[in-house]
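Just so you know, all these numbers are worked out from the coordinates, no wet-lab data involved. Predicted model only: the values in this text are computed from it and were never measured. FYI the Cβ positions are ideal-geometry reconstructions off the backbone, even for glycines, and counts take in every protein chain you see.
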Amino acid sequence: MRRTMLYLPGNNPNMLLRGHLFGSDGLIFDLEDAVSRSEKDSSRILVREVLRHSGFDGREVTVRINGLDTEYWRDDLAAVVPCRIHGIRVPKVDTPQTIRDLDDALSALESRASVPIGATKVFCLLETALGVWNAYDIATASPRVTAIIPGGEDLAADLRTSRSKEGTELEWIRRMMIVAARAAGVDALDTVFPSVTDEEGLRREALFTKQLGFDGKSVIHPAQIPIIHEIYDPTEAEVEKARKIVAAAREAAARGLGAVSVDGRMVDLPVVRRAEFTLERAGAMTEGGAR
Amino acid sequence: MALNAVKRDIPSRIEGYGNTGEKLFEGAFARKPEGFRASAMMRSRGPNDPTKFLGSVKEAIAASGLKSGMTISFHHHLRNGDFIVNQVLDECAKAGIRDLTLFPTALFGVHKAIIPHIKSGVVRRIMGSVNGPIGQLVSEGGMEVPVVLRSHGGRPRAVIAGDVHIDVAFIAAPTADVGGNMSGRAGKSACGSLGYAFTDAEYANCVIALTDNLQHYPIAPISIPGTFVDFVVQVGVIGDPDGIVSGTTRVTRDPLRLLIARHASKLIEASPYFKDGLSFQTGAGGIPLAVTAFMKEAMKRRRVRGGFGLGGITGYFVDLLKEGLLKKLMDVQSFDHEAVESISSDPRHIEISADWYANPWNCGAAVNELDVVILGATEVDMNFNANVNTEADGALLHGIGGHQDTAAGAKLTIIAQPLLRGRIPCVVDSVHTVTTPGEAIDALVTEFGVTINPRRRDLIDACGEAKGKNAVPLVPLDELAERAKRMSGPMSPLRQGDRIVGIVEWRDGTVIDVVRQIFPENISS
């Protein structure tokens, strides 16, 4: 599950050591925007040490490295890949070639550090119009790619507009991101909601992106986590309905029946799949099926 | 030397304090009072006697008969805005008075101005909390006689039991009349409750009211009646309003502190005390204020109507009163403008003395009725003993406040504290100073979860029953200590001298611990 992935500044030991306590599904140790040029080296060492010596309660741990157009990215990778992290979040991906270059570098480092080749996944930040246009090609450029994420501020600037409260400028991009992600078989994760005090705005945006089909959202403040989880978690009524559908489908299959009826309504295969997905989200699937 | 009940080595005699043989801490509720209450000198003022009203502090000092070697008392209802302590000591110095025992309820940063009077011998001894620069001076051996620390309840107990006799009490009065009736509710220096001064007014040989808002006789309502008051002095200004009360106190936005507050709130909700009639004290710190906010949310959600809020009162408690989530407020100290406004206008907001609040030797301190209290600590150890007085470098920098009293009185005492402050761990093998024994502490809450004192099996079970969103994340103490060690790395051992610079009394007057002199290289700047 990637309902929430929490950015933690790479120069803040307090947050790096405790960020996992806030209950997000994933963590993003940030070596890029949160860290000034003068702190790039020290933060890289700090993040490496925290990764080596701390536990994160089973959260998905990723590191946002500096872009492949900077002098830092190779050092960033060399520091964190041997720590066996789940993934790298890479900024400003414009073309599939960026991913192929990254893939080569990752494979070399994994091989040297006895990390299984391909174990380090890649989360692609598409922060330019070109990157968005190439979304599907980028998402399929390497089996390492596990998610694509639209940019926020940088993308708005590249589009020659600015971020609005309503998110008008990102509306089409978000729709397109879902199509590209699903076509490529990767997750679509939404960008951050920058105003940490505007709970209503966050709620509105998360409801919208969930309805579009996004798998989750990046967050910049722990207070945003429970709000997004509440929206992304299925309600009790949804879980109950899904349980009925899955149970009915299994029973029908066992009896060799093709059609399934739940509460007097016929249910077809896509509905059963969606019900299974709902139960998965709610953590309600068991080995044998629905509880 | 002898070990007390928390295994601290206490010398049988402490220079400047006396014999400790019969005053070793034996347990939180072991010592009971004997004999009779102390008393003050009889005084009277008839219709033909001269007026109480005097023109200056200097005249009042002369009229009080204050002499070298006597004990004078002060009260911290003006907090860091207080001008009275400095002003009185300046006048004492000018009058050539020396060797005074200072008996304040607490001293603040603003009182560092008295350091020259300590160095010159005007002040020989302090019985009261020493914070900041004065604490630093004391810790480094800057006073010949050790400081005696007492809790908010232990102090009035000491006065009433006769352990301390006050010669002259100086009481700052935001409003007073020429008859000496006092109130903190109005005036440019309004502070709300005068709770800390009540017992001194009753038991001192001489009481001087100092006011910057003199009114016609009689004012109403009256907090401390003029029947106890010998002299009234009008001064230009008794304090700085900005240091007396804060503006609206706000809940922290620090995510870690909010997380700790959230854990604490879940523990309270899971406890058997979260039901109609719930009483609690949370104070004014960042974490406790956030706990108050979360409790409000939980009380509304579960339709729980509380009983009373106690202690230092903030606008958050006032809101709970106004919204019907609490029925009464018992106020020994009003922290902000909302609290001052409320105590002045709402009869359900009751002004109480420190004696009423917390004295273990009266027939019904308010702390005994408390269900829940949230406290802080600089350190907690493997026996749940808490230190609130000394820092990791051994410096005596904080008073006890109501820590001991509320911990002993409340049914659920929670210490809520980040596991590390900077690089300094809050959970240690053994605290540097025992302020409050583990037998009075039920739970420690850090960002890593809730750690319950194993003697409270009932609480552990109650937390186990809380499920889903209300689940309480429990973490054993040894795991927490191990984590703290791993995160902080090894600490350099503390070098300290043999000389005792401070005595920590338990609220019943027994010695729970002593503080020894530290050397400058230990002290963090």
**Report entry** Proximal lysines relative to residue B:328, as straight alpha-carbon distance under 18 Å, when same-chain residues fewer than 8 apart are discounted
**Finding:** B:275, B:296, B:300
Query raised in the report: For the stretch A:236-290, what relative contact order do you get, as a whole percent, if you take Cα pairs closer than 8 Å and at least 6 residues apart?
Result: 43 percent
Report summary line: Whole-Hz Karplus couplings 3J(HN,Hα) for the stretch A:216-231, θ = phi - 60° and coefficients 6.51, -1.76, 1.60, Gly and Pro as x, run x, 9, 7, 10, 10, 9, x, 5, 7, 4, x, 5, 5, 4, 4, 6
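Ranked by Cβ crowding within 10 angstrom, fewest neighbours first, how are B:36, A:56 ordered? Numbers along the way, then the final one.
On the way: B:36 9, A:56 19.
Going from sparsest to densest Cβ surroundings: B:36, A:56.
Hey, what did chain B get for relative contact order, percent, Cα under 8 Å, at least 6 apart? Walk me through the numbers before you get to the answer.
Details: 1272 pairs, mean separation 87.3, N = 525.
Here the relative contact order equals 17 percent.
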**Report entry** Bridge type composition, chain A - antiparallel percent by DSSP, nearest 5
**Finding:** 15 percent
**Report entry** Given charges at beta-carbon only (K, R positive; D, E negative), |dipole| of chain B in Debye
**Finding:** 760 debye
Report task. Give the distance, in whole Å, between the Cα centre of the stretch B:388-451 and the Cα centre of the stretch B:460-525. Result -> 6 Å
**Report entry** Whole-Å distance, taken between Cα centres, linking the stretch A:157-187 and the stretch B:124-164
**Finding:** 65 Å
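Relative contact order for chain A: what percent, with Cα pairs under 8 Å and sequence separation of 6 or more? It would help to have the intermediate numbers written out before the result.
Working: 501 pairs, mean separation 41.4, N = 291.
This gives 14 percent for chain A.
Using the Kirkwood radius built from alpha carbon pairs, what does the Stokes-Einstein equation give as D for the protein assembly as shown at 10 °C and 1.306 mPa s, in µm² per second?
Values: Rh = 30.2 Å.
Translational D for this selection: 53 µm²/s.
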Report summary line: In whole Å, largest first, the alpha carbons of the stretch B:1-122 cover along the principal axes 55, 38, 26
Query raised in the report: How far is the Cα center of the stretch B:272-289 from the Cα center of the stretch A:4-77, in Å?
Result: 37 Å
**Report entry** Descending principal axes extents, the stretch A:4-232, alpha-carbon based, whole Å
**Finding:** 45, 36, 32
Requested in this report: Indicate, rounded to the nearest 5 percent, the antiparallel portion of the DSSP beta bridges found entirely in the protein assembly as shown.
Outcome: 25 percent
Report summary line: Rounded to the nearest 5, the percent of DSSP beta bridges in chain B running antiparallel is 30 percent
Query - Shielding by partners - mean other protein chain Cβ count within 10 Å, residues of A:12-24 - result: 4
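Please say if chain B is rounded, prolate or oblate, where rounded means a/c under 1.5 for a ≥ b ≥ c the square roots of the C-alpha gyration tensor eigenvalues, and otherwise the choice is prolate for a/b larger than b/c and oblate otherwise? Can you show the working numbers first?
Details: a/c = 1.88, a/b = 1.29, b/c = 1.45.
Taking the square roots of the gyration eigenvalues as a ≥ b ≥ c, chain B is oblate.
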Query raised in the report: Leaving out same-chain residues fewer than 8 places away, which lysines sit with a Cα under 30 Å from that of residue B:485?
Result: A:40, B:7, B:266
